[in-house]
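The values are calculated or read from the model by the stated rules, or taken from the named source; none is laboratory data. No experiment lies behind these values; they were computed from the predicted model shown. Note that each Cβ is placed from the backbone with ideal geometry, even for glycine, and that neighbours are counted across all protein chains shown.
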Ligand code: SAM
């Protein structure tokens, strides 16, 4: 297509202009390759009337691609220099973006208010906080129906993992509370400046109804945390602290129709929701 995107020379020039030295703590690796942006935008399946939430727009690589696909982009950036520059970049490369981009200077792990209700999340996430950011946004912005995020490849696999697989764990189960996650590709290291040391992965998601349960989300998440805190223990042992004793844990597991000798990594989110109900007996 003809969508105007940032290339390596643009990124270098912008970084120089802003005197930006990419920091590891903020996971600042900027995409310098237009084909990667086209791939991410295509895989995100954004409809022309959607409002997209982008976390960490950085120098604007993905933002420009999203402005091509969506009606509106809300970009949440924690770095004041980058946030301040983004409207100029959008204006320069896409004059039609006028009025279609909101830049919010905030920490995406804490943000609870946005100028618009986004229906999609599309982001090249800062890798060290990718999972908490995704969970926070799914929890606080119910308008998010679907999305696609780029994360460390191993984290992409974890988010999309199914019960019984080796890498299935806390991120997999918690993500499944909100959504159905699917791996949508692998991205090499050389499409970034600076290049990270590990490959990246794409994960797409579609929101689902959370499991029907009398327990609250927090109560279910407490069981998930307890079950995986001691990964190699049986659920009977791992949940003894949560339940009060191994006998109570066994009772909770039996009531939920779960084998007390099994391990957490075989349970789907519905099973965790049933176990959590042990502390919430049905009202007579
Ligand atoms: N989207 C750009 C791209 O693809 O080139 C930059 C992606 S870079 C991997 C991550 C971006 O997230 C950086 O711009 C960084 O400053 C920003 N960031 C880091 N932590 C953040 C947080 N907690 N909330 C919002 N933005 C954050």
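The residue of the stretch 131-143 that is nearest to the ligand (Cβ to nearest atom), among those that are in contact (Cβ under 8 Å) with a residue 40 or more places away in the chain and under 9 Å from the mean Cα position of the chain (by Cα), is 133. Can you say whether residue 146 is surrounded by fewer than 23 Cβ atoms within 10 Å (Cβ to Cβ), within 24 Å of residue 49 (Cβ to Cβ), more than 9 Å from the ligand (Cβ to nearest atom) and touching a residue at least 24 places away in the same chain (Cβ under 8 Å), as far as the supplied structure shows? So residue 146 passes the test.
Residues checked against (1) surrounded by 22 or more Cβ atoms within 10 Å (Cβ to Cβ); (2) under 20 Å from residue 55 (Cβ atoms); (3) touching a strand residue (DSSP E or B) at 6+ places or on another chain (Cβ under 8 Å):
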residue	(1), (2), (3)
136	no, yes, no
152	no, yes, yes
162	no, no, no
165	no, no, no
175	yes, yes, yes
181	yes, yes, yes
186	no, no, yes
195	no, no, no
209	no, no, no
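If you check 89, 36, 63, 112, which single one turns out to be more than 8 Å from the ligand (Cβ to nearest atom), modelled with pLDDT of 95 or more and touching a strand residue (DSSP E or B) at 6+ places or on another chain (Cβ under 9 Å)? 36 is the lone residue from the list that is more than 8 Å from the ligand (Cβ to nearest atom), modelled with pLDDT of 95 or more and touching a strand residue (DSSP E or B) at 6+ places or on another chain (Cβ under 9 Å).
Only one of the numbered conditions (1) within 21 Å of residue 184 (Cβ to Cβ); (2) more than 15 Å from the ligand (Cβ to nearest atom); (3) touching a helix residue (DSSP H, G or I) at 6+ places or on another chain (Cβ under 7 Å) is violated by residue 42, and that is (3). Every listed requirement among (1) at positive phi; (2) out of contact with any helix residue (DSSP H, G or I) (no Cβ under 6 Å at 6 or more places or on another chain); (3) surrounded by 24 or more Cβ atoms within 10 Å (Cβ to Cβ) is met by residue 60 save one, (2).
Just a yes or no: is a residue in the stretch 248-264 touching a residue at least 40 places away in the same chain (Cβ under 8 Å) and either in a helix (DSSP H, G or I) or in contact with a helix residue (DSSP H, G or I) (Cβ under 7 Å, 6 or more places away or on another chain) (or both)? Even if it seems obvious, please write down each step before you answer.
Our first condition is that a residue be touching a residue at least 40 places away in the same chain (Cβ under 8 Å); within the stretch 248-264, this holds for 264.
Okay, now just the ones that are also either in a helix (DSSP H, G or I) or in contact with a helix residue (DSSP H, G or I) (Cβ under 7 Å, 6 or more places away or on another chain) (or both), so 264.
Scanning the stretch 248-264, I find at least one residue that is touching a residue at least 40 places away in the same chain (Cβ under 8 Å) and either in a helix (DSSP H, G or I) or in contact with a helix residue (DSSP H, G or I) (Cβ under 7 Å, 6 or more places away or on another chain) (or both), so the answer is yes.
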